[in-house]
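Taking it in order: structure first as structure tokens, then the write-up.
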Amino acid sequence: MSGKVHKSFVLSNLLSNSGLKLIELYFDAQPEIEVISVRLGHVRLSYHPEKTNQASVEKHLRDLGFYVVTDPDVTVTEQIKAAAVELIVLGNNTNSLVRNSDYISDKLQMPYSRLSKIFSTVTGSTIEKYLIQLKIEKVKDLLLRDEFTLSEIAYQLDYSSVQYLSSQFKSVVGVTVVEYRKNPDLYRVALEQLV
């Protein structure tokens with residue numbers, strides 16, 4: 001029997017810790033495929049070519065709701081999304097555009113102007129709008145936890161004021177924070193559905 005194939009896949013829709021765990025658990029039950037590493041937007045797998053092939057692996061991933069990306073611009077866009085989720089949603093970082101652009105540019109090792117152009121071409125939106133959407137999703141999560149006041153949330157996410165946070169929240173979600181708190185399930189959006 002020849003050696004294993006080690007293959008990396010850039011995936012769309014892999015933007016949450018639950019997605020990472022889903023891949024680990026799913027492939028634990030697939031003895032012919034081993035997860036070497038998994039992180040936002042990326043998985044590295046190992047498999048014996050005599051037991052399975054790349055098309056079968058990709059089908060497994062599609063069945064889980066993750067799609068293998070091969071287009072270079074879409075690959076960069078997915079990497080931008082993963083970096084933005086790491087920065088805004090999973091980290092407790094603030095939203096200064098300079099820091100966001102520096103973080104994303106450093107993470108992808110490309111000039112921000114080029115990244116911005118690619119992202120806009122692929123998604124029809126801007127990185128800045130995507131970051132705002134992510135911040136609002138983070139606000140929603142913090143509101144659901146009911147551990148912080150709106151003022152504390154504004155401070156954590158580097159809003160200049162509660163009024164600015166409230167205004168941006170209404171603009172993005174379509175309802176006020178008070179209306180959202182009455183029925184949050186109506187306004188939840190999966191990170192994979194943004195942009």
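The values are calculated or read from the model by the stated rules, or taken from the named source; none is laboratory data. None of the values given here were measured: they were computed from a predicted structure. Because the Cβ atoms are built from the backbone with ideal geometry, glycine has one as well, and the counts that use them run over all protein chains shown.
Output the number of the condition that Lys7 fails; it satisfies all remaining conditions of (1) at pLDDT 95 or above; (2) within 25 Å of Lys117 (Cα to Cα); (3) surrounded by 15 or more Cβ atoms within 10 Å (Cβ to Cβ).
(2)
Quick one: which residue in Leu131, Leu150 is assigned by TED's automatic domain parsing to the domain that holds Val178, in contact with a helix residue (DSSP H, G or I) (Cβ under 7 Å, 6 or more places away or on another chain), farther than 17 Å from Glu192 by Cβ and surrounded by 14 or more Cβ atoms within 10 Å (Cβ to Cβ)? Step through it out loud before you land on a result.
Details: Leu131 fails: farther than 17 Å from Glu192 by Cβ.
Within the list Leu131, Leu150, the selection yields Leu150.
Among the residues of the stretch 105-128, how many are free of Cβ contacts under 8 Å to residues at least 40 places away in the same chain and in a helix (DSSP H, G or I)?
The total comes to 12.
If Gly124 satisfies all but one of (1) surrounded by fewer than 14 Cβ atoms within 10 Å (Cβ to Cβ); (2) more than 18 Å from the chain's Cα centre (by Cα), what's the number of the condition it fails?
Unmet condition: (2).
Mind checking which residues of the stretch 156-177 are farther than 17 Å from Arg188 by Cα and within 23 Å of the chain's Cα centre (by Cα)? I'd like the intermediate steps shown before the answer.
First, the residues of the stretch 156-177 that are farther than 17 Å from Arg188 by Cα: 156-165, 167.
Listed by number, the residues that qualify are Gln156, Leu157, Asp158, Tyr159, Leu165.
In this structure, is Val43 modelled with pLDDT of 95 or more, surrounded by 20 or more Cβ atoms within 10 Å (Cβ to Cβ) and not in a helix (DSSP H, G or I)?
On the way: modelled with pLDDT of 95 or more: yes; surrounded by 20 or more Cβ atoms within 10 Å (Cβ to Cβ): yes; not in a helix (DSSP H, G or I): yes.
Yes; evaluated as a whole, the condition is true for this residue.
Suppose the filter is assigned to a helix (DSSP H, G or I), within 28 Å of Ile132 (Cα to Cα), outside the structural domain of Ser120 (by TED's automatic domain parsing) and of a type in the set (Lys, Arg); does Lys81 pass it? Working first, answer last.
Working: assigned to a helix (DSSP H, G or I): yes; within 28 Å of Ile132 (Cα to Cα): yes; outside the structural domain of Ser120 (by TED's automatic domain parsing): no; of a type in the set (Lys, Arg): yes.
The answer is no for Lys81.
Is at least one residue of the stretch 51-68 among the β-branched types (Val, Ile, Thr), under 25 Å from Ile118 (Cα atoms) and touching a residue at least 40 places away in the same chain (Cβ under 8 Å)?
Pass one, the stretch 51-68, residues among the β-branched types (Val, Ile, Thr): 52, 57, 68.
Restricting the remaining residues to those that are under 25 Å from Ile118 (Cα atoms) gives 68.
From the residues that got through so far, the ones that are touching a residue at least 40 places away in the same chain (Cβ under 8 Å) too are 68.
Yes, because at least one residue in the stretch 51-68 is among the β-branched types (Val, Ile, Thr), under 25 Å from Ile118 (Cα atoms) and touching a residue at least 40 places away in the same chain (Cβ under 8 Å).
Tally up the residues in the stretch 157-177 that are surrounded by 17 or more Cβ atoms within 10 Å (Cβ to Cβ) and either charged (D, E, K, R) or not in a helix (DSSP H, G or I) (or both), please.
2
Among (1) touching a residue at least 40 places away in the same chain (Cβ under 8 Å); (2) on the phi > 0 side of the Ramachandran plot, there is one condition Gly174 misses while meeting the rest; what is its number?
(1)
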